[in-house]
1. Give me a count of the residues in segment 175-193 that are in a loop (DSSP other than H, G, I, E, B), touching a residue at least 60 places away in the same chain (Cβ under 8 Å) and in contact with a helix residue (DSSP H, G or I) (Cβ under 6 Å, 6 or more places away or on another chain).
2. Scanning segment 59-85 for residues that are surrounded by 21 or more Cβ atoms within 10 Å (Cβ to Cβ) and aliphatic (A, V, I, L, M), which turns out farthest from G156 (Cα to Cα)?
3. Could you check, for segment 102-117, whether at least one of its residues is buried (at least 16 other Cβ atoms within 10 Å of the Cβ), under 19 Å from P169 (Cβ atoms) and modelled with pLDDT of 90 or more?
4. Check A91 against each of (1) closer than 24 Å to G120 by Cα; (2) among the hydrophobic types (A, V, I, L, M, F, W, C); (3) modelled with pLDDT of 90 or more; (4) in a loop (DSSP other than H, G, I, E, B) and name the one condition it does not meet.
5. Can you tell me which residues in segment 144-189 are modelled with pLDDT under 80 and over 16 Å from the mean Cα position of the chain (by Cα)?
6. Between F122, F44, which is modelled with pLDDT of 90 or more and closer than 20 Å to Y168 by Cβ?
7. In segment 183-205, which residue that is buried (at least 16 other Cβ atoms within 10 Å of the Cβ) and among the hydroxyl-bearing types (S, T, Y) is farthest from L8 (Cα to Cα)?
8. In segment 196-205, how many are at pLDDT 90 or above and assigned to a loop (DSSP other than H, G, I, E, B)?
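The values are calculated or read from the model by the stated rules, or taken from the named source; none is laboratory data. Just so we're clear, the structure is a prediction, and the values are computed from it rather than from any experiment. Cβ coordinates were reconstructed from backbone atoms using ideal geometry, including for glycine residues, and neighbour counts include every protein chain displayed.
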Amino acid sequence: MRLTEIPLPVEQVRLPAEVARFLEEAEQRVGEHTERLPSLINGFVPSDFTAVYRALRFIRDSHLASGNAFCEWGSGLGVVASLAAMLRFDAYGIEIDAELCRASQQLADDFDLPVTFVHGSFVPPGSERILDRAYMDQEGGLLLDIRTDGTYEDLGLEIRDFDIIFTYPWPNDEPLIETLFSRYAARGALLLTYHDSKPMRLRRK
């Protein structure tokens, strides 16, 4: 199904003091993990958290989401999912690396943020044909870990239960992310993506 682009505003929104304090601590922990465990963080590149917060706040204030359930695909240290919780979304994060998953839960707990993180893959079971085609279409290969497991069963939720999905895809992985979202997300769900070399995108199914 074709996704509909929703323009994101570029104006600056001042961060609330509690958000600024959280991001200061989050940035420090990102730096500590990167320095302490470089092999663990291989492939982990944090997004611009301030920009993502502003996008999420725009979604909330504009009442763009059809519901309140938010999921971060590849949540890393869980900063974005925690920001979503600060904006009163029902926030979840899925992370393939167990150490990062534990660290993200600790960060959220330290700020008393109601976020649920689960260790596993956000790629849903049954998507093998989509994954095979993605590999065939990408000569440079995919950086996304495409294993599937029982993550959604552990959550007691499915992709179609989420109203907003956020992810920061590697360039080669972008078509696969869009295909998975188009195939499994609910009609009306929002896909928010961060991109290092181009503006963030917000699309609706």
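1. Here the count works out to 1.
2. Result: I59.
3. yes
4. Unmet for A91, out of (1) closer than 24 Å to G120 by Cα; (2) among the hydrophobic types (A, V, I, L, M, F, W, C); (3) modelled with pLDDT of 90 or more; (4) in a loop (DSSP other than H, G, I, E, B): (4).
5. Correct list: R147, T148, D149, N172.
6. After applying the criteria, what remains is F122.
7. Y184
8. Adding up the residues that qualify gives 2.
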